[in-house]
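Visitor: I have a structure I would like to understand better, so I am pasting it below and will then ask my questions one at a time.
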Amino acid sequence: MEMRHLGNSGLEVSVIGLGCNNFGRRLDEKQTATVVSAAVDAGITLFDTADLYGENGTSETYLGKALKGHRDQVVIATKFGGPMGQLPMQKGGSRQHIFQAVEDSLRRLNTDYIDLYQMHFPDLNTPLEETMRALDDLVRQGKVRYLGHSNFSGWMIAHAHHIAVRDALTPFISAQNHYHLLNREVEPDVQPACTKFGLGILPYFPLASGLLTGKYRKGQVHPEGTRLSSGPMAERILTDINIDKAESLFEWAEARGHTLLELAFSWLAQQPAVSSVIAGATNTDQISANVNAANWVLTSEELEEIEKLLGNSS
Ligand code: NAP
């Protein structure tokens, strides 16, 4: 497994990480343990969860249990800031919420430190100075080792960098944003900001929730029991345009002796500032496929062909 530094930091993570938002939702405690154990055996070191995943933080609880005995071999990334209740102090980036949220996550994860503590969403109602000061305190207390954010825009990344330098606070080292072959919203703004300020990108939804795995084919019945077999997310993602694009990519990869899954992982892993591709998985076969999927080194001609295929270049 290739290891990469997370941005300009000293923290190294596996280029394939494991997204943990299926835990406590589609996977129960036992199924979580099976998937996590396969991931550790396969060399995955980065596990990305959030207080918000699963009911009442069950993703963190299941992950903590599944990682028992492996704590010093892994990087646990979790997040705060999403609503954990109805009260104003149960969400956001206030000092009040952060101090409570970190204790809750540490307890559920059954650990005394979090490797990467990420702000899940921007909070425009709280001064970023307050958030960053509180997070810096957690680093100094040893409860948190590195800081990241998620769903920040380019100007927010620049603003955070400025505050960290001005006030000598611990900087953010990672940005977790929606990014895959069919969604390029980070490219004009977030990605250059990350490159400029030394943050590593952790692309979320890297497989477009499964569309980029090759299991949803144009004109064929979609597989049962999958994330996109029904529901609002399926309606949002399995549009005619997306299915056509995924089908073109599938055939293009196949003509070169590769799978769409390999293309999805390898393409992302080659994009500027990307440190680790944190895909979710619901079984051990998916883990085995995913850990071997980022080895295709695409040439510049191939990268250009992909843009033409997707209608992104003239
Ligand atoms: P994803 O990685 O795009 O898709 C994961 C899904 O793809 C799995 O649940 C599985 O679907 C399917 N899959 C994975 N490997 C497969 C394989 N080899 N063959 C066939 N199907 C495969 O989406 P995600 O898991 O939602 O996103 C990754 C992580 O990003 C999350 O776990 C979470 O940690 C993070 N995230 C963060 C935010 C944020 O706001 N920061 C938002 C969303 C996600 P089935 O379930 O159908 O088996």
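Visitor: Could you pull the accessible area for Asp28 with a 1.4 Å probe, rounded to 10 Å²?
Guide: Spelled out: Asp28, probe radius 1.4 Å, area about 80 Å².
Visitor: So, one more: What net charge is computed for the residues neighbouring Leu6, neighbours being all others with C-beta under 14 Å from the C-beta of Leu6, Lys and Arg scored +1, Asp and Glu -1? Please report the intermediate quantities before stating the final value.
Guide: Details: positive: Arg4, Arg145; negative: Glu2, Glu12, Asp48, Asp115.
Once positives and negatives cancel, what remains is -2.
Visitor: Pairs of Cα atoms under 8 Å, at least six residues apart: use those to get the relative contact order of the stretch 65-118, whole percent.
Guide: On the way: 48 pairs, mean separation 23.4, N = 54.
The value is 43 percent.
Visitor: Let me ask something else. So if each residue of separation counts as 0.36 nm, and I subtract the Cα-Cα distance between Arg140 and Lys30, what length gain in nm does that give? Provide the component values of the computation, followed by the final result.
Guide: Values: separation 110, 0.36 × 110 = 39.60 nm, distance 3.54 nm.
Difference between extended and current length: 36.1 nm.
Visitor: Return the FRET efficiency for the residue pair Gln90, Ser248: r is the Cβ-Cβ distance, R0 is 45 Å, and the value is rounded to the nearest 0.05. Can you show the working numbers first?
Guide: Values: r = 45 Å, r/R0 = 0.99.
Result of the calculation: an efficiency of 0.50.
Visitor: Also: In terms of modelled amide H atoms, which long-range or inter-chain residues lie less than 5 Å from the amide H of Tyr204?
Guide: Correct list: Asn177, His178, Tyr179.
Visitor: On to the next question. For Val75, list long-range residues whose amide hydrogen, built 1.01 Å from N in the peptide plane, is under 5 Å from its own amide hydrogen.
Guide: Under 5 Å from the amide H of Val75 lie the amide H atoms of Leu46, Phe47, each far enough along the sequence or on another chain.
Visitor: Suppose a student asked you for the relative contact order of the stretch 141-248, using Cα pairs under 8 Å spaced at least 6 residues apart; what percent would you report? Please list the in-between numbers first.
Guide: Details: 126 pairs, mean separation 23.8, N = 108.
Relative CO of the stretch 141-248 lands at 22 percent.
Visitor: Something else now. What net charge do the residues around Asp123 carry, taking every other residue with its C-beta under 15 Å from that of Asp123, with Lys and Arg at +1 and Asp and Glu at -1?
Guide: Details: positive: Lys79, Lys91, Arg95, Arg133; negative: Asp51, Glu129, Glu130.
Within the 15 Å Cβ shell, the charges total +1.
Visitor: Starting at the first residue of the stretch 204-216, write each ³J(HN,Hα) from the Karplus equation 6.51 cos²θ - 1.76 cosθ + 1.60 with θ = phi - 60°, in whole Hz, x for Gly and Pro.
Guide: With coefficients 6.51, -1.76 and 1.60, one gets 9, 6, x, 9, 6, 6, x, 4, 8, 9, x, 8, 10 Hz.
Visitor: Where only protein heavy atoms count, and the probe is 1.4 Å, what is the accessible area per residue for the stretch 158-286 in Å²? Let's see the in-between values first.
Guide: Details: 5510 Å² over 129 residues.
Ligands and nucleic acids excluded, the figure is 43 Å² per residue.
Visitor: Then there is this: Please list, in order along the stretch 109-121, the HN-Hα scalar couplings obtained from phi with the Karplus expression 6.51 cos²θ - 1.76 cosθ + 1.60 (θ = phi - 60°), rounded to whole Hz, x for Gly and Pro.
Guide: 7, 6, 9, 9, 8, 10, 5, 10, 9, 10, 7, 5, 9
Visitor: Further question on the same structure: Taking the highest mean first, how do the peptides 108-120, 251-263 order by number of other beta carbon atoms within 10 angstrom per residue? Spell out each step's value before the answer.
Guide: Details: 108-120: 21.5, 251-263: 16.7.
Top of the packing list down: 108-120, 251-263.
Visitor: How much accessible surface area, in Å² rounded to 10, belongs to the heavy atoms of Ile306 with a 1.4 Å probe?
Guide: About 0 Å², rounded to the nearest 10.
Visitor: Let me ask something else. Name the residue, out of Ile76, Ile201, Ile163, whose mean-square fluctuation peaks in a Gaussian network model built on the chain with Cα pairs under 10 Å.
Guide: So, out of Ile76, Ile201, Ile163, the one fluctuating most is Ile163.
Visitor: Through the Karplus equation 6.51 cos²θ - 1.76 cosθ + 1.60, θ set to phi - 60°, convert the phi angles of the stretch 23-39 into ³J(HN,Hα) values in whole Hz; use x for Gly and Pro.
Guide: Listing the rounded values in order: 6, x, 10, 7, 10, 7, 4, 5, 5, 4, 4, 5, 5, 5, 5, 5, 5 Hz.
Visitor: Also, I was wondering about something else. How far is it, in nm, from the label point at Phe99 to the one at Leu124 when both lie 7 Å from their Cα along the line to the Cβ?
Guide: According to this spin-label approximation, the distance is 2.8 nm.
Visitor: Quick one: which residues, 5+ away or cross-chain, put their amide H under 5 Å from the amide H of Gly17? H built at 1.01 Å from N.
Guide: For Gly17, the qualifying residues are Val277, Ile278, Ala279.
Visitor: I've got another one for you. For the stretch 63-184, just say rounded, prolate or oblate: build the C-alpha gyration tensor, square-root its eigenvalues into a ≥ b ≥ c, call rounded for a/c under 1.5, and beyond that prolate if a/b exceeds b/c, oblate if not. Mind showing how you got there, number by number?
Guide: On the way: a/c = 1.42, a/b = 1.25, b/c = 1.13.
It comes out rounded by the Cα gyration axes.
Visitor: Just to be sure I understand the model, the point goes 7 Å from the Cα along the line to the Cβ. What's the resulting Asp240 to Val165 distance in nm?
Guide: The answer from the label model is 5.0 nm.
Visitor: Where both partners of a DSSP beta bridge lie in the chain, what percent of those bridges are antiparallel, to the nearest 5?
Guide: Numbers: 4 of 33 bridges.
Antiparallel: roughly 10 percent of the beta bridges in the chain.
Visitor: Can I ask one more? Quickly rank 37-46, 295-304 as a protection proxy: mean count of other C-beta atoms within 10 Å, highest first. Intermediate results must be reported in sequence, preceding the final value.
Guide: Details: 37-46: 20.1, 295-304: 12.1.
With the highest mean Cβ count within 10 Å placed first, the list reads 37-46, 295-304.
Visitor: Say R0 is 22 Å: what FRET efficiency, to the nearest 0.05, do Asn8 and Glu187 get from their beta-carbon distance?
Guide: Numbers: r = 20 Å, r/R0 = 0.92.
Taking R0 as 22 Å, the efficiency between Asn8 and Glu187 is 0.60.
Visitor: What is the calculated FRET efficiency for Gln220 to Asp112, with r their C-beta to C-beta distance and R₀ = 51 Å, to the nearest 0.05? Don't skip to the end; give the middle numbers.
Guide: Values: r = 49 Å, r/R0 = 0.97.
Taking R0 as 51 Å, the efficiency between Gln220 and Asp112 is 0.55.
Visitor: Provide the packing ranking of 165-173, 266-274, i.e. peptides ordered by the mean count of other C-beta atoms within 10 Å per residue, highest first.
Guide: Working: 165-173: 16.9, 266-274: 18.8.
The most tightly packed comes first, giving 266-274, 165-173.
Visitor: Still on this structure, I have one more. Is any residue of the stretch 23-37 close enough, with backbone N under 14 Å, to a label point placed 7 angstrom from the Cα of Gln73 along the Cα-Cβ axis, and if so, which?
Guide: It comes to 36-37, nothing else.
Visitor: Still on this structure, I have one more. Show which lysines lie in cross-link reach of Lys196 when reach means a straight Cα distance below 25 angstrom and same-chain residues fewer than eight apart are skipped.
Guide: Straight-line reach from Lys196, under 25 Å: Lys79.
The values are calculated or read from the model by the stated rules, or taken from the named source; none is laboratory data. For clarity, every value in this text was computed on a predicted model and none was experimentally measured. Here the Cβ is made from the backbone with ideal geometry for all residues, glycine too, and neighbour counts use every protein chain on show. The accessibility values were calculated without ligands, DNA or RNA, using every heavy atom of the protein model including side chains. Shrake-Rupley method; radii C 1.70, N 1.55, O 1.52, S 1.80 Å.
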